[in-house]
Every structure is written in structure tokens, then in C-alpha cells.
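> Take a look at the following structure, please.
What follows is calculated from the coordinates using simple rules that are stated; it is not laboratory data. This one's a predicted model, so the numbers in the text were calculated from it and none came from an experiment. Please note: Cβ atoms are built from the backbone with ideal geometry, for glycine as well, and neighbour counts cover all protein chains shown.
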Amino acid sequence: MRVQSKWSAVDNMTEMGVGSLDSSTCSRVAIFVVLGLVLNLAVVCNGGQTSAFVRKIDFSADMPLDSDVFRVPLGYNAPQQVHITQGDHTGSAVIVSWITADEPGYSKVVYWSANSENQTAEGIITTYTFYNYTSGYIHHCIIGNLTFNTRYYYVVGIGETETQFWFTTPPEVGPDVPYTFGLIGDLGQTFDSNKTLTHYESNLLKGQTILYLGDLSYADDYPNHNNVRWDTWGRFVERSAAYQPWIWTAGNHEIDFAPEIGEPIPFKPYTHRYYVPYNASGSTAPFWYSIKRASAYVIVLGSYSAYGTYTPQYKWLQEELPKVNRSETPWLIVIMHCPWYNSYQSHYMEGEAMRVMFEAWFVEYKVDVVFSGHVHAYERSERISNVAYDIVNANCTPVKDQSAPVYITVGDGGNLEGLSTVMTEPQPDYSVFREASFGHGIFDIKNRTHAHFSWHRNEDGYAVEADSHWLFNRYYYPADDSKSTSA
């Protein structure tokens, strides 16, 4: 079956009877239609806006296994599921990962740029079993000492079916370096997932690196955590992930804890398939780590790893935040799977325990923005905090706080579980905009003081911003940016 990777929607006005009206009546109707669309763009609540946009809310269907986006590449032992991520702390290295199905083959990467000779790096090979599934041969290879802001070509499958890809390294770290991140979460592998990825790829803003907000393949939604769906997902996203880094965050669907079928080790498929440079930032596990990229310092947190006092993640973050040099990387971004502020009934208050542990640090160190997934919808908050709350006082209402981050949920990638459509009412004061639709986000850093965020629903044209917001940097320009919004 062929799954289209481009799509369009066409309005048929004649079905509405417009074609049968005379010209004066048609003009009056057109005016009322336009006014109605404007007035119904969003419903104003106690908080911000709850979008009145209505899309189908049926559960999304996974694409069948014979879809072209899951096609196994031709050739003996051809490399598949190729993906890259940052390979060090500063962006001068890349981890290249791929799988060979027939035999281990060579775990080498040959790479070059227009101004360099061919170079070769040697990787490692790993495998794993899960219930009645045995993985292919999983290769991970770090290529380092790369020149910043340079296109590199690389070949995997050396000596067998050789396949070439390319990527561009980021600019050297610095305070005024513009850079554009894409935001995708909870993607899965449905027809809607394909629309999301296609929409992102076609966005005129051209994200350079994806901050992936957790929940990848949803293989655990199948009987016995069918790991074949890890393979199909890897082939599906290769068209993007082989050419630009995806910065990985682990979600609940990566846990794969299934002692009832003899699989008691959490995160086994995820940690074998998706390597991250956690050692480079002094982390002891791949679920929390940090990277610098251009003018951004990105901290990844593990929502499903222990974070209480004295735990490794707690101690790491406590030591990590003071290390951030805002004169070098002004934009401090945190990504995690489970949101702390969420006005949907799905996963309501699941992030509360982590918020209580870490929120005061986010305010103290002036985190600019926090991106999360998990809730299958979109939501953007004011700059808010609830650090005055403890269990013996009544200060339990979040308040506007210009030292606090903006919280943005982009868990609307399109997975088979469908959308989160039930919202808490009335809309909280801190919630600026929310909508239950599939889509992706773009975080476009302009300089040390300004960055622009936009959210793009799948049903719109590629350049349409269904919600957007200008963020002022909390270190260099801590002015009130709550009104710098268009929705």
C-alpha cells in the first residue's frame, strides 16, 4: 500500500449551496461567513483561548506494514533505520546509528565534506531480544572533531549495500547565533503521524534539529510489545532523522516494562536503539543529559527516572544548572515528556511531583521555556510558577512570574491513541492557548534577546501559524513578553 507523503484539503463551496445564490445574497452570505470564522477562531475563557477549531477525533489508524514508508531497503544487508543525534556536548560530533538485518557487517562510517578527504570512524554493534523477538544488528558510531556550520556526507553499509546520507553541523556555540529547532512529540506511526512529519518537512521555517519530546514507536500498545513496530518506526522517520539530529527524550511508551512476559528490564528496546551523549554532560544515565547547540543550552530530563532528593538525576540537575553560562548560550531550554502544567484531563497533574522537586530551580536559574509531550494535544502557558506552595499553606494557585519559563505542550504527533479532547473547565488563568489537534512546533532563535515560537496544525497550509509567541530571553532581556502573542 502506498502512503502519500504530501497531502492537501480542498473546500467544496458548491456543496454548501453557495453556487445557487444571486450575487447580492452571495455577498451578504460571504460577509457573515467571514465574520463567523473570525469570531469562532477561539473561545475566550477565564484563562486564555480554547480554540474552536474542530477536527475529527477518531482514533488514528496505524499505517499497514506494507506501506511504502516502512519499506525495507533493497540490497543484501542494506542499512536501515538510519538516524543521527548530537555526539558530544558542543555540537562538533554526531552519533550515527543504523541496523543491518542479515549479518553484522562492518560498523564503519565513511564521511567527508567539500573541503576534506574521506575519513573513517569505527562503531560498535549491539543486539537484544524481547519476548519472542530478536533485533537486527544495531550499529552506533561517533564521528567527531567536525567543523562547525559545514555539510558532511556519510556512507554506511560499507562493503555491502552502501548508502549515502548527509547532515549539516551547527554553527559554533555563541550568544547571537540564530538557530531553528523543530518540536515533535508522541509521533507513533499512523496516517496522522505521516501528515505531521510531512508537514514539518515542508514548513518554510526549516527546522535544523528536532527536539523530540518522547513516545516514539508505540510498540508497547501491541500484543507482547511487538518490537517489529520499533523497526517500522525507525524506517518511517529515517527520511528526516538520517539528515538532521533528533535530540531524544524518553517517554512512558519507551519503558517497555513487561515482567508478565519475562521482560523486567525497563527501557530495553529504547536504550539499545537510541544512543545519546549523556556522558559528555556528566550524566550517569541516558534519560537526563544536556547539550549546547548554537545559542541554546538544552537540558533533557527523565520523567520516568527517579528524581527525588539524593537520586542521580536530582544531584545531576542540581550541579548542572549553575554550569550554564548564559553569556555563551543565552537560551536555556528544558525538554521532558510529562508536562507540569496541563489543563487537559488526560494525564492531569501527573507531573506534579517533579514540579515540586525542580520548579524553584527553574525560576532561580531563569529557564526560558519548557517543552513537553505526553498529552495528545497542544497548549501554551503564561510565564508562571507555583513555588510558594507547600503542603501546609494555601498558596496553591500558580501566579504570573517573569523569572519563570513558558510551558508548551506539543504531544500531538498523531499516534494511534488519538487526541486528548477533554479539557478542564474553566480554562485556568495561566493557560494562554489550547487546542486538540495534531501538529508540530518551531522554536526559531533570532539572537540573544528574541526567539519566536509557532505551532502548526496538520490541517493548515505549511506556512500557517495556528498559534505563535515571541519570547524575550530571561537573561538578556527579561521584559514582560506575555502580550507578544498572535493566535
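> Would you list the P(r) distribution for segment 181-307, with all Cα-Cα distances sorted into 5 Å bins from 0 and each bin expressed as a whole %?
2, 10, 20, 23, 19, 15, 8, 3, 1, 0
> Compute the distribution of all C-alpha to C-alpha distances in segment 76-153, in bins of 10 Å from 0, and list the percent of pairs in each, rounded to whole numbers.
Binned Cα distances yield the sequence 18, 45, 27, 9, 1.
> OK, next. Filter the DSSP H helices in the chain by two things, a Kyte-Doolittle mean of at least -0.5 and an axial alpha-carbon span of 15 angstrom or more, and list the hits by number.
Details: long enough: 23-39 (24 Å, 1.87); 191-202 (17 Å, -1.28); 228-241 (20 Å, -0.80); 352-364 (18 Å, 0.42).
In the chain, the long hydrophobic H runs are 23-39, 352-364.
> Further, regarding this structure: Can you list, largest first and rounded to whole Å, the semi-axes you get for segment 149-195 by taking the square root of 5 times each eigenvalue of its Cα gyration tensor?
Numbers: eigenvalues 139, 124, 9 Å².
One finds semi-axes of 26, 25, 7 Å for segment 149-195.
> In Å and from the alpha-carbon atoms only, list the Rg and Dmax of segment 405-487.
14.1, 42
> Continuing with this model, one more query. Suppose the chain between TYR243 and TYR476 were pulled fully straight at 0.36 nm per residue; how much longer would it get relative to their current alpha carbon spacing?
Working: separation 233, 0.36 × 233 = 83.88 nm, distance 3.27 nm.
Answer, rounded to one decimal: 80.6 nm.
> According to the square roots a ≥ b ≥ c of the eigenvalues of the Cα gyration tensor, what is the shape class of segment 397-453, taking rounded for a/c under 1.5, prolate for a/b larger than b/c otherwise, and oblate for the remainder?
Note, shape of segment 397-453 comes out oblate.
> Find the Rg to Rh ratio for segment 230-289, where Rh is the Kirkwood radius over alpha-carbon pairs and Rg uses the same atoms. Could you put the intermediate results ahead of the total?
Numbers: Rg = 13.2 Å, Rh = 13.0 Å.
Looking at segment 230-289, the ratio lands at 1.01.
> Taking each pair of distinct Cα atoms in segment 126-214 once, what is the resulting Kirkwood hydrodynamic radius in Å? Write down the numbers at each step before the final one.
Working: mean 1/r = 0.0599 Å⁻¹.
It works out to 16.7 Å.
> Something else: In 10 Å bins starting at 0, how do the alpha-carbon pair distances of segment 55-101 split up by percent?
Bins of 10 Å from zero give 20, 28, 26, 22, 4 percent of pairs.
> For PRO79, what charge total do you get from the other residues with a beta carbon under 10 Å from its beta carbon, if Lys and Arg give +1 and Asp and Glu give -1? Mind showing how you got there, number by number?
Numbers: positive: none; negative: GLU160, GLU162, GLU238.
Result for the neighbourhood of PRO79: -3.
> May I ask you to derive the relative contact order of segment 413-487, considering only C-alpha pairs under 8 Å and at least 6 residues apart, and to give it as an integer percent? Before the final figure, lay out each step's value.
Numbers: 100 pairs, mean separation 16.1, N = 75.
About 21 percent, as a whole number.
> Tell me which residues come under 5 Å, amide H to amide H, from SER303 once H is placed; ignore anything under 5 positions away on its chain.
Those lying under 5 Å, H to H, from SER303 are HIS337, CYS338.
> Count of lysine pairs in the chain with Cα atoms under 23 Å apart, counting only pairs 8 or more residues apart in sequence or on different chains?
Taking the Cα cut-off of 23 Å, the pair count is 19.
> Quick one, what does Rg over Rh come out to for segment 164-243 if you take C-alpha atoms and the Kirkwood Rh?
On the way: Rg = 14.8 Å, Rh = 14.3 Å.
When Rh is taken as the Kirkwood radius, the ratio is 1.04.
> State, as an integer percentage, the relative contact order of the chain based on alpha-carbon contacts under 8 Å between residues 6 or more apart. The partial results should precede the final answer.
Details: 1189 pairs, mean separation 80.6, N = 487.
RCO, the chain: 17 percent.
> Please give the per residue volume of the convex hull enclosing the alpha carbon atoms of segment 318-379, rounded to a whole number of Å³. Walk me through the numbers on the way to the answer.
Details: hull volume 5.2 nm³, N = 62.
Hull volume over Cα atoms, normalised by residue count, gives 85 Å³.
> Take the Cβ-Cβ distance between ASP390 and GLU425 as r, set R0 to 30 Å, and report the resulting FRET efficiency rounded to the nearest 0.05.
Numbers: r = 27 Å, r/R0 = 0.91.
After rounding to 0.05, the efficiency reads 0.65.
> Treating only the Cα positions of segment 303-435 as identical point scatterers, give the base-10 log of I(q)/I(0) from the Debye formula at each q in 0.12, 0.13, 0.16 Å⁻¹.
-0.48, -0.56, -0.85
> Under the Karplus relation 6.51 cos²θ - 1.76 cosθ + 1.60, θ = phi - 60°, what is the ordered set of whole-Hz ³J(HN,Hα) values for segment 116-129, x standing for Gly and Pro?
With coefficients 6.51, -1.76 and 1.60, one gets 9, 6, 4, 10, 10, 10, 9, x, 10, 10, 9, 9, 8, 10 Hz.
> To the nearest µm²/s, what D does Stokes-Einstein give for segment 266-317 at 10 °C and 1.306 mPa s, using the Kirkwood radius over alpha carbon pairs as Rh? List each step's numbers first, then the result.
Values: Rh = 11.8 Å.
This corresponds to a translational diffusion coefficient of 135 µm²/s.
> Quick one: work out the % antiparallel among DSSP beta bridges in segment 234-380, nearest 5. Intermediate values should be presented prior to the final figure.
Values: 6 of 14 bridges.
Antiparallel bridges: around 45 percent, rounded to the nearest 5.
> Classify segment 68-218 as rounded, prolate or oblate from the Cα gyration tensor: take a ≥ b ≥ c as the square roots of its eigenvalues, call it rounded if a/c is under 1.5, otherwise prolate when a/b beats b/c and oblate if not. Each step should come with its number before you reach the end.
Working: a/c = 1.81, a/b = 1.12, b/c = 1.61.
Because a/c hits 1.5 or more and a/b fails to exceed b/c, segment 68-218 counts as oblate.
> Another question about this same structure. I need the shape label for segment 238-334. Rule: rounded when a/c is under 1.5, else prolate if a/b > b/c, else oblate, with a, b, c from the alpha carbon gyration tensor.
On the way: a/c = 2.89, a/b = 1.39, b/c = 2.09.
Oblate, since a/c reaches 1.5 and b/c is not below a/b.
> Considering only the chain, what is the antiparallel percent among its DSSP beta bridges, to the nearest 5? Write out the running numbers ahead of the final one.
On the way: 72 of 92 bridges.
Roughly 80 percent of the beta bridges in the chain run antiparallel, per DSSP.
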